[in-house]
Amino acid sequence: MSATTDSPTHTKDPRRAALCGGILGYYADQFDVFVPIITLAPAMIYFEPADTSKTTAALIAAAVFAATLIARPLGSAVFGYYADKVGRRVTTMVAVAGFGVSTFAIGLLPGHQHLGMGAIVVLIGLRFIGGIFLGGEYATAVPLAMEWSPARKRGLASGLITCTSPLATASIAALSLFLLSVMPPDGVHSAYVQWGWRIPFFIGGLLGGILFFYYRNNVEEAPAFEASEATRSPLRELLDGRHRRDLAQVFVLMTGAWLLTNVAAAVLPSMLKSEVGLPDRTVSVILLISSLVCVGTFLGCALLSQRIGRRRFYTTFGVVAAVAASTCYVLLTHLGPDDVILATLLATGVQATTISMYGPITAYLTERFPSVIRATGYGVGYSLALVIPAFYAFYISGIATFTGTALAPVVLLVAGGVLVAAGGASGPETKDVDMATGLTVEPRP
């Protein structure tokens, strides 16, 4: 099996090049996913009617975020199919170019005063299109990087790739803090609302272009893909027989992971403003601090999984998330705007005990599937589970009738932790799997 696009011939270290590509690609992916939550939130009045209620505004914000998440499974299935058929490298190039263009286009959008409600429709539509390409990026670039990584270093490689997620969040928070400081969002005609929010989207588009040329000039196809035998339909094989059971197990684990993620990444920032009463700039500082801490916890979790095994790690982490994250969140609901230090510590606790589980996730999911369906299995397994948690705002609204608005997210944290633990416990140990053969090998001393 071979890729249809000529590979570069001057790369001195193909392993390092593929890993660097995976790191840069994951950073760009996460930057584009989370930029609306932090950067666009203070400027949403640009897209909304002046009389929009808080409830409607919250649902619109959730729809903007969810549009990308819902589209990602489709992108993963399509791009994963071609990655398994024609190669990871060429499909990665198409995917990064696609999300770069769609993200850049968002930065050019007119607002409600020009398009009416059409402004929101176009915004959500571009986020959906971008989600397709983003789903394709991690279904292609990550398996390529992991196939180049030796078994004894896959945990570290995974951590280096995924720790760019909190790093991207920290970057967005720092950039937003700077922009909000120099141009406060004081009404729809303020500089930030009119054009300041566009800057991060232009940066996200630029990242896509940089990645395209990086893969074109530096990255080679992995030997594990070159040595594999083509299958007629990777998606059909994934859904047949034992691979279907593998996908179901991954689906349970990742559904829990995305429930935890949505509370930590999407609900927590708005909660710090609406429930704790902190201003936008203070929230940006807290997110910046917690994200930088999570860079370390991602790496720590990845290395821990390499030591104790992926199965034991996820089984334990799910329990920790259900208990520790929910406790931190409950304590946050009792704070006020003067409790900034304690709010920072607890918010960091919520994020560290939820999203840190992604440290070893790229290693684990690529180890779960053989080479002929690896990109499809990784991409679909990672993103199909996004769909149910993507409607978190509606679940919280329903749960709130029993628990109150402030405590409703705690139920999702507990449910997410339980699902992660159950998914981890029901799967095999994978850390010593050979990427080329799919067989477990004895670890090197």
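The values are calculated or read from the model by the stated rules, or taken from the named source; none is laboratory data. Being a predicted model, the structure only gives us computed values, none of them experimental. All Cβ positions, glycine included, derive from the backbone under ideal geometry; neighbour counts span all protein chains shown. Surface areas here come from the heavy atoms of the whole protein model, side chains and all, with no ligands, DNA or RNA. Shrake-Rupley method; radii C 1.70, N 1.55, O 1.52, S 1.80 Å.
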Inset, instruction - State yes or no: is M146 surrounded by fewer than 24 Cβ atoms within 10 Å (Cβ to Cβ), modelled with pLDDT under 90 and of a type outside the set (G, A, S)? - result: no
Inset, instruction - Could you identify the single residue in I373, I355, I361 that is within 25 Å of G22 (Cα to Cα), open to solvent by less than 30 Å² (accessible area, probe 1.4 Å) and at pLDDT below 90? - result: I373
Inset, instruction - Give the range 301-322 a look and list any residue that's touching a helix residue (DSSP H, G or I) at 6+ places or on another chain (Cβ under 7 Å) and not aliphatic (A, V, I, L, M), or say none. - result: C301, S305, Q306, R310, R311, F313, Y314, T315, F317, G318
Legend entry - Qualifying positions in the range 376-389 - farther than 22 Å from Y82 by Cβ and buried (at least 23 other Cβ atoms within 10 Å of the Cβ): P389
Inset, instruction - Starting from residues that are buried (at least 18 other Cβ atoms within 10 Å of the Cβ) and either modelled with pLDDT of 95 or more or of a type in the set (V, I, T) (or both), keep the ones in the range 280-292 and report whichever is farthest from Q351 (Cα to Cα). - result: T282
Legend entry - Checklist (1) within 23 Å of R16 (Cα to Cα); (2) open to solvent by 10 Å² or more (accessible area, probe 1.4 Å); (3) modelled with pLDDT under 90 applied to I70, failing item: (1)
Inset, instruction - Look at the range 293-312 and say how many of its residues are open to solvent by 10 Å² or more (accessible area, probe 1.4 Å) and closer than 15 Å to R154 by Cβ. - result: 8
Inset, instruction - Please give the number of the condition R232 fails out of (1) open to solvent by 60 Å² or more (accessible area, probe 1.4 Å); (2) closer than 25 Å to P360 by Cβ; (3) modelled with pLDDT under 80. - result: (2)
Inset, instruction - Please find, among V188, V182, the residue that is open to solvent by 40 Å² or more (accessible area, probe 1.4 Å) and free of Cβ contacts under 8 Å to residues at least 40 places away in the same chain. - result: V182
Inset, instruction - Check G159, G155, G187 and return the single one that is modelled with pLDDT of 90 or more and within 30 Å of R281 (Cα to Cα). - result: G159
Inset, instruction - Name the one entry in A83, A63, A58 that is surrounded by fewer than 22 Cβ atoms within 10 Å (Cβ to Cβ), more than 19 Å from the chain's Cα centre (by Cα) and either modelled with pLDDT of 85 or more or among the aliphatic types (A, V, I, L, M) (or both). - result: A58
Legend entry - Contacts under 6 angstrom Cβ, first residue in the range 400-425 being without any contact (Cβ under 8 Å) to a residue 60 or more places away in the chain and open to solvent by 10 Å² or more (accessible area, probe 1.4 Å), partner among the basic types (K, R) and not in a helix (DSSP H, G or I), 6 or more apart: none
Legend entry - Residue that is surrounded by fewer than 24 Cβ atoms within 10 Å (Cβ to Cβ), of a type in the set (V, I, T) and farther than 24 Å from P49 by Cβ, where the choices are I199, I172, I161: I199
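For V330, indicate whether it is of a type in the set (A, V, I, L, M), in contact (Cβ under 8 Å) with a residue 24 or more places away in the chain, in a helix (DSSP H, G or I) and over 30 Å from W148 (Cβ atoms).
Yes.
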Inset, instruction - Could you check the range 40-138 for helices (runs of 4 or more DSSP H) lying wholly inside it with 2 or more residues that are closer than 24 Å to S284 by Cα and free of Cβ contacts under 8 Å to residues at least 24 places away in the same chain? - result: 54-86
